[in-house]
Amino acid sequence: MNPLLQIQGVSKTFTRNEKSAVEALRDINLSIQEGEFVSIVGASGSGKSTLLRIIDGLLEPTAGTVCVDGQTVTRPGTDRAMVFQQDALLPWKTVSENVGYGLSIANKGKREVATVAQRFIDLTGLTGFEGHYPHQLSGGMRQRVNVARALAVDPRILLLDEPFAALDAQTREIMQTELLSIWQSTRKTIMLITHQIDEAVFLSDRVVVFSARPGQVRDEIPVNFPRPRELAIKREPAFGRLVDQIWRLIESEVRAGMRQVD
Amino acid sequence: MRIALSTLCILLVWQLLALVVTNRLLLVPPADVASALMKELKAGAIATNALATVTAVVTSFIVSVVLGVAIGSALASSRLLSLTGGPVLSALNSVPIIALAPLFIAWLGLGFASKFVLVLLVAVFPEVVTTEAGLRATDKPLIEAAQSFNATRFQVFTNVTFPFALPFIVSGIRVAWARALVGIVVAEFFGSFAGFGYAIMSASQTFDTAKVLGYVILLGAMGLIGSAAFATLERRLAPWKFE
């Protein structure tokens, strides 16, 4: 079976001026099958978010290509949708308007936007908050809106950029289980960027480990815990061993990254 | 409530000062000002002056807002324009345009046209500056999110950057309103046949201090009403900034 998402030889160098250039990504090769849940972990500054933006079409790679279902990505499209870190919601729009935002940009009719928005509001547990504004919501609820907004355009691939990084530990765990159940009910292909190794292991079929700048694929670790998964598996010894194994892969990189000066 | 209280305080201090300063050319007590205003009102002079001042300042102000927002948007949308046009505008902004009032009157004659142009020139800059600043200050993730949904440049403007800039623009409008009032009075000082500025000028030439102060108070009220209205509008437009 052909992979849904194929990343071939992607490199990215940011050039600020003639003297300073930052190599963010070097020769990334990854294939992701339809319906797969893949996470990327790595030290800060390993270019994870850059890769996600290249896949989404917000950034152009310096070299290499990204193909979705055989089509080369050149710009954002409705086959991919991005869930950003906090505060990517429009503060002057209600929950319902924010969820329907992608559809209204695509010039869908008002009634269709409202109907679809409502479906994803219900799916993400936002029922009753349709008329609220983002600043009236907790961090967890805001991220629900973010996820619902991305799902509403019915993408084939959902790209999540550290979606739970700003949440407290308890809320984060709840959101992880909710993301899993959404994934199971919608069968989307998901690519998640995270700093939390346990989050990556808990959610994914496969964890891709990035090295620090320039970001390169250091290793790909399959995660074979049976699905559906419960939070309780986080306390199993096998889970801990896997987290440990991945941590050892990036520990030295994280330490090196701490001493790096931007 | 707060406004009523501070007005009362000012009236009290004023009254006390008027007891000490007895030269009625320098200072008159509030009651005299009130009766001077009543006399003007009955004579119909307030209505005539208000009509002249308000029509000129309001038309000119509206045009300045539209123009300022348009120029500010253009500057924010293009780096080249901002680099070339920006310095010209800030140079113009630092010129005391008020000082050119006699020149405008020489060019455009006494009356509406010279007032209109002078007010336009003093009031347009705050809107240009705040519009450009507001558009540029838009949170980058908001723009990225729109682009991620394949929004066109125009959609990014109407959906994201312009709504984000609106409260900035309104605060610019507030500043511009105060400047517009200064502009209109100066324009009327130098040459016109009606208006608050004209009335103040002619009253001061006849040493009618009560009338001068009366019209100044009317101008102050106009400024206050505008400022309060725009402040309310600002809070309405961006409730997330005030919580």
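The values are calculated or read from the model by the stated rules, or taken from the named source; none is laboratory data. Keep in mind that what you see is a predicted model, and the values were worked out from it rather than measured. Heads up, the Cβs are rebuilt from the backbone with ideal geometry, glycines too, and the neighbour counts pull from every protein chain shown.
Restricting to segment A:123-165, name every residue that is part of a helix (DSSP H, G or I) and in contact with a Gly (Cβ under 8 Å, 6 or more places away or on another chain).
A:R144, A:R149, A:A150, A:A152
Which numbered condition trips up B:G68, out of (1) over 22 Å from the mean Cα position of the chain (by Cα); (2) part of a helix (DSSP H, G or I)?
(1) is the only condition that B:G68 fails.
Looking only at residues in segment A:18-42 that are touching a residue at least 40 places away in the same chain (Cβ under 8 Å) and among the polar types (S, T, N, Q), which one is farthest from A:P155 (Cα to Cα)?
Among those residues, the one meeting the criterion is A:N29.
Can you find even one residue in segment B:187-210 that is in contact with a Leu (Cβ under 9 Å, 6 or more places away or on another chain), of a type in the set (V, I, T) and farther than 30 Å from A:A106 by Cα?
The answer is yes, given that some residue of segment B:187-210 is in contact with a Leu (Cβ under 9 Å, 6 or more places away or on another chain), of a type in the set (V, I, T) and farther than 30 Å from A:A106 by Cα.
Just to be sure, is A:P228 surrounded by fewer than 16 Cβ atoms within 10 Å (Cβ to Cβ) and either under 22 Å from the mean Cα position of the chain (by Cα) or closer than 17 Å to A:F37 by Cα (or both)? Walk me through how you get there before you give the answer.
On the way: surrounded by fewer than 16 Cβ atoms within 10 Å (Cβ to Cβ): yes; either under 22 Å from the mean Cα position of the chain (by Cα) or closer than 17 Å to A:F37 by Cα (or both): yes.
In short, yes.
Only one residue in B:I143, B:I173, B:I97 is of a type in the set (A, V, I, L, M), in contact with a helix residue (DSSP H, G or I) (Cβ under 8 Å, 6 or more places away or on another chain) and within 14 Å of chain A (Cβ to nearest Cβ). Which one?
Only one candidate passes the filter, namely B:I143.
Of all residues in segment B:191-222 being buried (at least 21 other Cβ atoms within 10 Å of the Cβ) and not aliphatic (A, V, I, L, M), which is nearest to B:L103 (Cα to Cα)?
Selected residue: B:S192.
Evaluate the following for B:A194: is it more than 10 Å from every other protein chain (Cβ to nearest Cβ) and either within 22 Å of the chain's Cα centre (by Cα) or under 21 Å from B:T55 (Cβ atoms) (or both)?
Yes, satisfied.
Working carefully through the options A:V83, A:V73, A:V41, find the one that is within 14 Å of chain B (Cβ to nearest Cβ), surrounded by 23 or more Cβ atoms within 10 Å (Cβ to Cβ) and not charged (D, E, K, R). Steps first, please.
Values: A:V73 fails: surrounded by 23 or more Cβ atoms within 10 Å (Cβ to Cβ); A:V41 fails: within 14 Å of chain B (Cβ to nearest Cβ).
Exactly one residue qualifies, and that residue is A:V83.
Output the number of the condition that B:F168 fails; it satisfies all remaining conditions of (1) within 14 Å of chain A (Cβ to nearest Cβ); (2) over 30 Å from B:T53 (Cα atoms); (3) modelled with pLDDT of 90 or more.
(2)
Quick one: would you say B:N150 is part of a loop (DSSP other than H, G, I, E, B), within 14 Å of another protein chain (Cβ to nearest Cβ) and free of Cβ contacts under 8 Å to residues at least 60 places away in the same chain? Full working, then the answer.
Working: part of a loop (DSSP other than H, G, I, E, B): yes; within 14 Å of another protein chain (Cβ to nearest Cβ): yes; free of Cβ contacts under 8 Å to residues at least 60 places away in the same chain: yes.
So B:N150 passes the test.
Mind listing whichever residues of segment A:93-125 are surrounded by fewer than 18 Cβ atoms within 10 Å (Cβ to Cβ) and under 16 Å from B:V156 (Cβ atoms)?
If the condition is that a residue be surrounded by fewer than 18 Cβ atoms within 10 Å (Cβ to Cβ) and under 16 Å from B:V156 (Cβ atoms), then A:A106, A:N107 are the ones that fit.
Among B:E234, B:E188, which is the only one that is within 14 Å of chain A (Cβ to nearest Cβ), part of a helix (DSSP H, G or I) and buried (at least 18 other Cβ atoms within 10 Å of the Cβ)?
B:E234
Would a scan of segment B:113-124 turn up a residue that is surrounded by 22 or more Cβ atoms within 10 Å (Cβ to Cβ), within 14 Å of another protein chain (Cβ to nearest Cβ) and under 16 Å from the mean Cα position of the chain (by Cα)?
no
Output yes when any residue across segment A:149-166 is among the β-branched types (V, I, T), in contact with a Pro (Cβ under 8 Å, 6 or more places away or on another chain) and in contact (Cβ under 8 Å) with a residue 40 or more places away in the chain, and no when none is.
Keep residues of segment A:149-166 that are among the β-branched types (V, I, T), which gives A:153, A:157.
Within this subset, residues satisfying the condition of being in contact with a Pro (Cβ under 8 Å, 6 or more places away or on another chain) are none.
No; the residues of segment A:149-166 include none that is among the β-branched types (V, I, T), in contact with a Pro (Cβ under 8 Å, 6 or more places away or on another chain) and in contact (Cβ under 8 Å) with a residue 40 or more places away in the chain.
Scan segment A:23-48 for residues that are at pLDDT below 90 and of a type in the set (S, T, N, Q) and report the count.
2
Across segment A:96-109, which residue is farthest from the other protein chains (Cβ to nearest Cβ) among those that are under 21 Å from the mean Cα position of the chain (by Cα) and assigned to a helix (DSSP H, G or I)?
Top of the filtered list is A:V99.
Is it the case that segment A:116-125 has a residue that's hydroxyl-bearing (S, T, Y) and closer than 30 Å to A:E23 by Cβ?
Looking only at segment A:116-125, we keep the residues that are hydroxyl-bearing (S, T, Y), and these are A:124.
From the residues that got through so far, the ones that are closer than 30 Å to A:E23 by Cβ too are none.
Looking through segment A:116-125, none of the residues is hydroxyl-bearing (S, T, Y) and closer than 30 Å to A:E23 by Cβ.
Output the number of the condition that B:V58 fails; it satisfies all remaining conditions of (1) more than 20 Å from B:G214 (Cβ to Cβ); (2) of a type outside the set (D, E); (3) surrounded by 19 or more Cβ atoms within 10 Å (Cβ to Cβ).
In the conditions (1) more than 20 Å from B:G214 (Cβ to Cβ); (2) of a type outside the set (D, E); (3) surrounded by 19 or more Cβ atoms within 10 Å (Cβ to Cβ), B:V58 misses (3) alone.
Please determine whether any residue of segment A:186-209 is part of a helix (DSSP H, G or I) and either over 25 Å from A:Q245 (Cβ atoms) or within 14 Å of another protein chain (Cβ to nearest Cβ) (or both).
Here is the first cut: in segment A:186-209, the ones part of a helix (DSSP H, G or I) are A:186, A:197-203.
With the extra rule that they be either over 25 Å from A:Q245 (Cβ atoms) or within 14 Å of another protein chain (Cβ to nearest Cβ) (or both), the set shrinks to A:186.
Within segment A:186-209 (the criterion being part of a helix (DSSP H, G or I) and either over 25 Å from A:Q245 (Cβ atoms) or within 14 Å of another protein chain (Cβ to nearest Cβ) (or both)), the answer is yes, since at least one residue qualifies.
When only residues in segment A:44-69 that are buried (at least 24 other Cβ atoms within 10 Å of the Cβ) and among the small types (G, A, S) count, which is nearest to the other protein chains (Cβ to nearest Cβ)?
A:G47
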